[in-house]
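The values are calculated or read from the model by the stated rules, or taken from the named source; none is laboratory data. Note that the structure is a prediction, hence the values are computed from the model and not measured. Here the Cβ positions follow ideal geometry from the backbone for every residue, glycine too, while neighbour counts run over all protein chains shown.
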Amino acid sequence: MPKDNSIKSILIVGSGPIVIGQACEFDYSGSQAARSLREEGIEVILINSNPATIMTDPMMADKVYLLPLTVESIEKILQENNIDAVLPTMGGQTALNLCKEVDELGIWEQYNCRMIGVDVAAINTAEDRELFRQLMVKIGIGTSPSRVANSILEGKEFAQEIGFPLVIRSSFTLGGSGGGFVHNKSELDEALKVGLEASPIHEVLVEKAVLGWKEFELELLRDKNDNVVIICTVENLDPMGVHTGDSITVAPAMTLSDTAFQDMRNKAILMMRSLGNFAGGCNVQFALNPETEELIAVEINPRVSRSSALASKATGYPIAKIAAKLAIGYSLDELKNQITQTTSAYFEPALDYVIVKIPRWNFDKFKGANDTLGLQMKSVGEVMAIGRSFNEAIQKACQSLENEAVGLGYYGKSLMKGADVVEYIKTPKWDRIFRIKDALMQGVTVKTIAQATGIDRWFLYQIQKLCTIETEIGKHTIDSLPEDLLKLAKRNGFGDEQISRILHGNCTDEDVYAKRKSLGITRVYKMVDTCAAEFEANTPYFYSTFEG
């Protein structure tokens with residue numbers, strides 16, 4: 001069945017100001033959605049209070065309102081325009097909360113404007129922690145033991161039942177705002193006070209902490225016929241305890257067994273289908289016990305998310321663009337794959353490369369800020385790199401951070417020594433990945449680091465491989481550096497400057513460049529095409545690598 005032709009005009013709600021914990025990824029989604037809907041001949045009206053966005057450019061929508069994201073602003077727009085539908089899923093939690101408030105006041109109904117892409121019941125179920133827990137129990141998916149509290153006294157009672165360590169999660173917030181860990185009684189009152197004040201409905205979930213479990217995110221799309229595709233499975237390098245926006249993430253998932261992967265897929269699809277009768281995008285988060293592969297649901301977001309932007313870039317599949325078309329009535333099989341132009345959008349991308357995302361923090365600009373990473377997101381942006389292997393991608397990402405790192409290392413900077421570095425990496429901080437490398441360079445075992453950090457050994461063995469290559473390079477001058485070793489280094493993401501700093505003797509990055517050029521070691525460009533080269537791609541983009 002084609003699109004709903006009764007929809008002539010749509011209101012897109014933005015995510016408001018760029019703040020830490022929210023960043024500007026929703027601008028990417030809102031802009032994509034506006035263009036997608038205008039392609040269909042639909043008039044697009046857009047509201048956002050932030051002028052420093054692409055979506056508020058006059059070229060992006062038919063009308064742009066630079067107004068505060070309030071009920072009064074929405075009513076003003078509805079009075080001035082004949083709007084058939086509102087799309088709230090492109091503006092993060094800010095837009096969902098606002099559209100829910102407008103609905104509760106009966107304003108959408110008053111102006112004959114319907115919500116598309118999500119429904120209010122789904123918003124409530126996903127964001128109200130108790131309703132979410134009840135849904136998971138109903139459909140047979142495990143969750144961590146938890147209780148909802150609306151006061152400090154209630155929270156303290158539940159904490160005594162559940163025991164420490166605990167997680168406090170605020171309802172209806174974004175970026176983990178108001179959330180935190182409680183390790184003992186002395187921290188409980190303050191954590192509950194902060195969480196309750198952050199929640200617009202004065203509600204928190206008091207939950208047993210599954211610290212050290214592995215964390216995964218899946219990006220899904222569903223159409224009105226209940227067809228579901230999983231666009232991307234993302235693995236957090238950091239275990240549970242670090243907000244996913246502050247964690248180094250890797251796609252596709254690297255350390256799952258096939259049985260755990262299939263179980264996760266099935267449960268994610270079941271969760272989305274159980275959430276309500278709507279068509280659009282969805283993000284599901286799971287925690288996995290690394291010892292038993294027990295899987296529990298952490299949360300579900302019935303909207304495009306920060307991770308959707310990453311997944312779109314990682315796979316080449318334009319999630320927000322397709323989600324907008326699904327919201328106006330198309331089914332997945334009616335839409336073209338935007339990359340191949342021949343197959344349909346009803347497919348799941350296949351990756352023949354590895355994506356690594358590393359967040360970027362600015363703690364140096366905020367003197368006195370607590371630089372320990374936790375449930376509340378603190379990053380101000382992120383970098384994403386593509387490589388043929390995890391090693392190549394993580395080194396390329398580190399080179400992009402603009403924090404004086406040269407690949408995975410700070411050459412010429414003082415290293416932490418021995419027991420100090422092992423103690424340091426127990427606490428998640430912005431530079432933990434670099435300190436893990438310091439520890440491995442000094443001979444600390446993978447087992448010791450895994451126990452200290454909770455990071456899966458597979459990732460640590462990959463970083464240990466980088467340390468081995470670096471040690472070998474350090475035995476040579478530019479003249480004695482073997483061709484095979486130089487090839488191996490380049491395929492593992494070592495930059496020319498990085499190699500020049502590791503080599504003995506006076507050597508510059510230009511010297512390394514000249515040597516590898518003379519040996520014919522040059523970069524090639526490979527395609528991001530969503531389908532691992534199975535079909536011809538018409539609108540591809542590329543990444544560089546030193547594979548043949």
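Side notes on the structure shown:
- Residues of the range 278-308 that are part of a helix (DSSP H, G or I) and either in contact with a strand residue (DSSP E or B) (Cβ under 7 Å, 6 or more places away or on another chain) or surrounded by fewer than 23 Cβ atoms within 10 Å (Cβ to Cβ) (or both): SER307, SER308.
- Flag if ALA268 is among the small types (Gly, Ala, Ser) and touching a Gly at 6+ places or on another chain (Cβ under 9 Å): no
- Some residue of the range 94-111 being under 30 Å from LEU335 (Cβ atoms), surrounded by 17 or more Cβ atoms within 10 Å (Cβ to Cβ) and basic (Lys, Arg): yes
- Criterion violated by ALA191 - all others in (1) crowded, with 22+ Cβ neighbours inside 10 Å; (2) out of contact with any Asp or Glu (no Cβ under 9 Å at 6 or more places or on another chain); (3) not assigned by TED's automatic domain parsing to the domain that holds ARG169 satisfied: (3)
- Every residue from the range 457-486 that is surrounded by 20 or more Cβ atoms within 10 Å (Cβ to Cβ) and outside any helix (DSSP H, G or I): LEU481
- One residue stands out in the range 428-456 among those that are among the β-branched types (Val, Ile, Thr) and part of a loop (DSSP other than H, G, I, E, B): the one that is nearest to GLY180 (Cα to Cα), namely ILE455.
- Residue that is farthest from LEU237 (Cα to Cα), among those in the range 355-383 that are assigned to a strand (DSSP E or B) and touching a helix residue (DSSP H, G or I) at 6+ places or on another chain (Cβ under 6 Å): VAL383
- Looking across the range 81-100 at every residue that is of a type in the set (Gly, Ala, Ser) and under 15 Å from ASN48 (Cβ atoms), the one that is farthest from the chain's Cα centre (by Cα) is identified as ALA95.
- Flag: GLY493 matches the condition of being in a loop (DSSP other than H, G, I, E, B), in contact (Cβ under 8 Å) with a residue 12 or more places away in the chain and touching a Cys at 6+ places or on another chain (Cβ under 9 Å).
- If the condition is being at pLDDT below 90, over 13 Å from THR453 (Cα atoms) and of a type in the set (A, V, I, L, M, F, W, C), then the range 408-441 contributes LEU408, LEU415, MET416, ALA419, TRP430.
- Count - residues of the range 232-261 that are under 25 Å from GLU382 (Cβ atoms), of a type in the set (Val, Ile, Thr) and over 13 Å from the mean Cα position of the chain (by Cα): 1
- Annotation: of all residues in the range 101-142 being of a type in the set (S, T, N, Q) and farther than 20 Å from CYS282 by Cα, the one that is farthest from the chain's Cα centre (by Cα) is GLN110.
- Selection count, the range 211-225, where residues are more than 16 Å from THR249 (Cβ to Cβ) and either crowded, with 22+ Cβ neighbours inside 10 Å or more than 20 Å from the chain's Cα centre (by Cα) (or both): 6
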